Amino acid sequence: KSVRLRERLVKTNFVSNVQTMGLDDHGFRGPGTNMHAIMANGHFICHVSEFPGQTYKKAHSAGEFIRHRAGLTSDVAYLFLNGEGYDIQWSWGTMPGPGVPFERLDYKAGTLLTPGSGYHQHFNATTDPIRYVVLRFGSPELLGQGRSGRIAKPPQIEFDEEDPAVWQTFVDELASRGLEPKMQEFKGE
């Protein structure tokens, strides 16, 4: 049985099909939709996200929150269900910006990756939406741990603050596929 707790949040121990699971609009990280699912009485939480073709998400990080997990570099794993694209990742402790190196990791349907503990960013290099599942340890609220390690606004880089190399890498990747970005409404261009 699933119980809807609020927008973008359900409590359940069964998702019959993550490919067709209903998602809510969520523009905080850029284009797309998502739904969080609290599972196993709060010991695990996942979210399913989807974003349109020829778009990308804002760079983001779990920040200080994950440093409170005993000895972990990351407690998050991404499973891409469809499409093709890439993630870029920055080393722990670096703030994305001009001249700061990043690593590119290409993905396709079935790719499983962890973003490490630094900033990371997701890019859709196809015309179709990409859907992915993110798995991690449980919800701090449900486990009684509070949110002492998490700042009020999770750290992210706004589109107008990103390194121009991030945009150019995306433009070049799409051009190599005969495509153009569809980011105008999100980047304000």
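Considering the range 1-44, and only residues there that are under 24 Å from residue 124 (Cα atoms), surrounded by 15 or more Cβ atoms within 10 Å (Cβ to Cβ) and among the hydrophobic types (A, V, I, L, M, F, W, C), the residue that is nearest to the chain's Cα centre (by Cα) turns out to be 35. Scan the range 14-27 for residues that are out of contact with any strand residue (DSSP E or B) (no Cβ under 8 Å at 6 or more places or on another chain) and at pLDDT below 90 and jot them down. Within the range 14-27, 27 is the sole residue that qualifies.
Conditions (1) touching a strand residue (DSSP E or B) at 6+ places or on another chain (Cβ under 8 Å); (2) farther than 21 Å from residue 102 by Cβ; (3) modelled with pLDDT under 95; (4) surrounded by 16 or more Cβ atoms within 10 Å (Cβ to Cβ), marked per residue:
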position: 154; (1), (2), (3), (4): yes, no, yes, no
position: 157; (1), (2), (3), (4): yes, no, yes, yes
position: 161; (1), (2), (3), (4): no, no, yes, no
position: 165; (1), (2), (3), (4): no, no, no, yes
position: 170; (1), (2), (3), (4): yes, no, no, yes
position: 177; (1), (2), (3), (4): no, no, no, no
position: 189; (1), (2), (3), (4): no, yes, yes, no
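Among the residues of the range 6-32, the one identified as touching a Lys or Arg at 6+ places or on another chain (Cβ under 6 Å) and aliphatic (A, V, I, L, M) is 10. If you go through the range 130-143 one residue at a time, do you hit one that is within 19 Å of the chain's Cα centre (by Cα), of a type in the set (Ser, Thr, Tyr), at pLDDT 70 or above and farther than 19 Å from residue 45 by Cβ? Taking every residue of the range 130-143 in turn, none turns out to be within 19 Å of the chain's Cα centre (by Cα), of a type in the set (Ser, Thr, Tyr), at pLDDT 70 or above and farther than 19 Å from residue 45 by Cβ. Cβ separations smaller than 6 Å between residues 6+ apart or across chains give the following pairs from the range 26-39 residues that are among the aliphatic types (A, V, I, L, M) to residues that are at pLDDT below 85: 38/45; 38/139.
The set of residues from the range 1-48 being of a type in the set (Gly, Ala, Ser), closer than 19 Å to residue 128 by Cβ and touching a helix residue (DSSP H, G or I) at 6+ places or on another chain (Cβ under 8 Å) comprises just one member, 30. Residues in the range 71-93 that are over 12 Å from residue 124 (Cβ atoms) and either at pLDDT 95 or above or part of a strand (DSSP E or B) (or both): 7 in all.
The values are calculated or read from the model by the stated rules, or taken from the named source; none is laboratory data. Keep in mind it's a predicted model, so treat the numbers as computed, not measured. Methodologically, a virtual Cβ is constructed for each residue, glycine included, from the backbone with ideal geometry; neighbour enumeration extends over all protein chains shown.
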